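Peer 1: One structure follows; several queries about it will come next.
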Amino acid sequence: MASSGAGVGSTVYVAGAGPVGLAAAASAHLLGAAVVIVGDLHAERLARARSFGCETVDVSQGSVEEQIAQILGDPEVNAAVDAVGFEARAHGPNAQEAPATVLNSLMGITRAGGALGIPGLYVTEDPGGIDQDAKSGTLKVRLGLGWAKSHRFTTGQCPVMQYHRGQMMAILHDRVKIAKAVNATVIDDAPQGYAEFDQGASRKYVLNPHGALDGLQPA
């Protein structure tokens with residue numbers, strides 16, 4: 001989250017309220033953000049974000065900029081997080097894949113000199129992509145807009161070993177309740193978890209096929 005520009009007094013928008021987005025929102029609070037706004041189209045996920053102090057935007061209900069302006073009095077934020085990735089879709093009854101839509105939206109709502117953190121997954125190959133460009137991971141990103149606004153972009157897999165001790169200490173000393181934020185849910189049946197997640201369930205599934213976690217409560 002620090003690489004996205006989140007910090008003391010900052011305003012942050014997180015696109016996507018799955019486990020990654022919810023964890024990013026909780027991290028922004030830990031870093032001292034003044035306002036954290038989470039955008040999604042699933043009511044259950046948005047309710048989960050509100051449960052630990054986030055503002056929310058239902059992206060199916062009109063312009064994200066206008067909804068952010070209603071919250072902040074300003075349509076732009078200091079920092080933005082793409083927790084959706086290339087599987088993003090347009091809205092509406094005939095919605096199709098739109099793999100660059102989140103990145104382009106975030107450049108529009110991030111103020112000049114701001115930063116974008118991109119933990120959402122992007123791939124070099126997607127055989128099921130909507131067109132030949134998408135199949136090769138070549139997306140129609142408005143780089144000119146990001147350049148004109150002097151944005152900083154940080155992407156790629158998280159360097160877990162760099163952060164895990166600090167995160168562990170924050171959890172152990174009750175500075176962040178990450179299991180509550182992501183609604184950690186222990187299950188025995190992996191297919192059940194995948195099916196529920198595909199329907200927009202607001203949970204981070206922890207597999208427990210052999211009962212090793214029985215009796216434990218997530219922190």
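The values are calculated or read from the model by the stated rules, or taken from the named source; none is laboratory data. Keep in mind that this is a model prediction, so the values were computed, not measured. Backbone-built Cβ (ideal geometry, glycine too); neighbour counts: all protein chains shown. Quick note on the areas: whole protein, heavy atoms, side chains included, nothing else; ligands and nucleic acids left out. Shrake-Rupley method; radii C 1.70, N 1.55, O 1.52, S 1.80 Å.
Peer 1: So if I take the alpha carbon set of the chain, get Rg, then get Rh from the Kirkwood formula, what is the Rg over Rh ratio?
Peer 2: 0.97
Peer 1: Let me ask you something else. Return the equivalent ellipsoid semi-axes of the stretch 141-219 as a descending list in whole Å, where each equals the square root of 5 times an eigenvalue of the C-alpha gyration tensor.
Peer 2: 33, 21, 11
Peer 1: Also, I was wondering about something else. Could you work out how much longer the chain between residue 30 and residue 145 gets when fully extended? Use 0.36 nm per residue separation minus the Cα distance between them, nm to one decimal.
Peer 2: Result for the pair: 38.4 nm of gain on full extension.
Peer 1: For the stretch 77-177, treating each Cα as an identical point scatterer without solvent, what Debye log10 I(q)/I(0) comes out at q = 0.16, 0.17, 0.22 1/Å?
Peer 2: The computed values of log10 I(q)/I(0) come out as -0.81, -0.87, -1.12.
Peer 1: Rounded to the nearest 5, what % of the DSSP beta bridges within the chain are antiparallel ones?
Peer 2: The antiparallel fraction comes to roughly 5 percent.
Peer 1: Could you compute how fast the stretch 19-70 diffuses translationally, taking Rh as the Kirkwood radius over C-alpha pairs and applying Stokes-Einstein at 10 °C with viscosity 1.306 mPa s? Give it in µm² per second.
Peer 2: Stokes-Einstein gives a translational diffusion coefficient of 142 µm²/s.
Peer 1: Can you order the peptides 125-132, 58-65, 43-50 by their average number of other Cβ atoms within 10 Å per residue, highest first?
Peer 2: The densest-packed peptide leads the list: 43-50, 58-65, 125-132.
Peer 1: Roughly how many percent of the accessible protein surface of the chain is carbon and sulfur, given a 1.4 Å probe and a whole-percent answer?
Peer 2: Carbon plus sulfur share of accessible area: 54 percent.
Peer 1: What FRET efficiency comes out for the pair residue 172/residue 74, r = Cβ-Cβ distance, R0 = 35 Å, nearest 0.05?
Peer 2: The formula returns an efficiency of 0.40 here.
Peer 1: Treating the stretch 71-122 as a set of equal point scatterers at the Cα positions, no solvent, please give the Debye-formula log₁₀ I(q)/I(0) at q = 0.12, 0.16 Å⁻¹.
Peer 2: Listed by q, the Debye log ratios stand at -0.30, -0.51.
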